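K.L.:
I am attaching a structure below and will ask some questions about it afterwards.
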Amino acid sequence: MTAEDTSARESTVLAADRSAMQDTLARYAWGYDEGNFDMLADTFTKDGTTSGKVANSDASWGPTTGNQAITDMLKAIREQQTDQRRHTVHTFRFENQSSSSADLYSYVLITSTENAVTKTLTAGWYHASMVKEADGQWRMADLTALLDSPF
């Protein structure tokens, strides 16, 4: 195998891993918005954590540790909401990527539809500490959110 072949293979693996990490974050958002909490739970490692805050305020949450505790917390929040939330994750940026871990940053835009009216609730960013587990799946060891305004 030539150096060019090795480089091309490494680039293909890098791109495939990035796509899989983006899918993990999408499944987190989709799971929350659609009430599929089994899907959401599978996006975190067993001992994963999540926390966040609203910029320029004292509002914050977490950390919550363990994928079951995270799922239970988010399910309880979702069950109190009467609107349909949509989390749009985009503008992905990767740092410190290796074959088994990476830092994934993305913007998030959260909208709400209720009584046939859709509005923007907030925007911000996510930082996901990603790990590739023994089953080959990329999961979040930590998800931190910084939102621009309360929601």
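The values are calculated or read from the model by the stated rules, or taken from the named source; none is laboratory data. This is a predicted model, so every value here is computed, not measured. FYI the Cβ positions are ideal-geometry reconstructions off the backbone, even for glycines, and counts take in every protein chain you see. Just the protein is used for accessible areas: all its heavy atoms, side chains included, with ligands, DNA and RNA removed. Shrake-Rupley method; radii C 1.70, N 1.55, O 1.52, S 1.80 Å.
K.L.:
Considering only residues that are open to solvent by less than 60 Å² (accessible area, probe 1.4 Å), assigned to a helix (DSSP H, G or I) and not small (G, A, S), look in the range 35-73 and name the one that is farthest from R85 (Cα to Cα).
P.N.:
Of everything passing the filter in the range 35-73, N67 is farthest from R85 (Cα to Cα).
To keep it simple, each residue is scored yes or no on (1) over 15 Å from the mean Cα position of the chain (by Cα); (2) under 22 Å from D23 (Cα atoms).
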| site | (1), (2) |
| --- | --- |
| L40 | no, yes |
| T49 | no, yes |
| G52 | no, yes |
| A55 | yes, no |
| T71 | no, yes |
| E79 | yes, no |
| Q84 | yes, yes |
| E95 | yes, yes |
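K.L.:
Could you tell me which numbered condition M1 fails, if it satisfies all but one of (1) at pLDDT 95 or above; (2) open to solvent by 30 Å² or more (accessible area, probe 1.4 Å); (3) of a type outside the set (F, W, Y)?
P.N.:
Of the numbered conditions (1) at pLDDT 95 or above; (2) open to solvent by 30 Å² or more (accessible area, probe 1.4 Å); (3) of a type outside the set (F, W, Y), the odd one out for M1 is (1).
K.L.:
Further question: Residues D23, D17, D103: which one is open to solvent by less than 50 Å² (accessible area, probe 1.4 Å), assigned to a helix (DSSP H, G or I), charged (D, E, K, R) and under 21 Å from M130 (Cβ atoms)?
P.N.:
From the options D23, D17, D103, the qualifying one is D17.
K.L.:
Count, please, the residues in the range 67-80 that happen to be free of Cβ contacts under 8 Å to residues at least 12 places away in the same chain and farther than 18 Å from M140 by Cα.
P.N.:
4
K.L.:
Take the range 44-66 and flag every residue that is polar (S, T, N, Q) and closer than 30 Å to G136 by Cα.
P.N.:
Correct list: T45, T49, T50, S51, T64, T65.
K.L.:
Look through A128, A141 and report the one residue that is part of a strand (DSSP E or B), open to solvent by 30 Å² or more (accessible area, probe 1.4 Å) and aliphatic (A, V, I, L, M).
P.N.:
A141
K.L.:
As an exercise: evaluate V117 against (1) over 18 Å from the mean Cα position of the chain (by Cα); (2) among the hydrophobic types (A, V, I, L, M, F, W, C); (3) closer than 26 Å to L14 by Cα and give the number of the one condition it does not meet.
P.N.:
Looking at each condition in turn, V117 falls short on (3).
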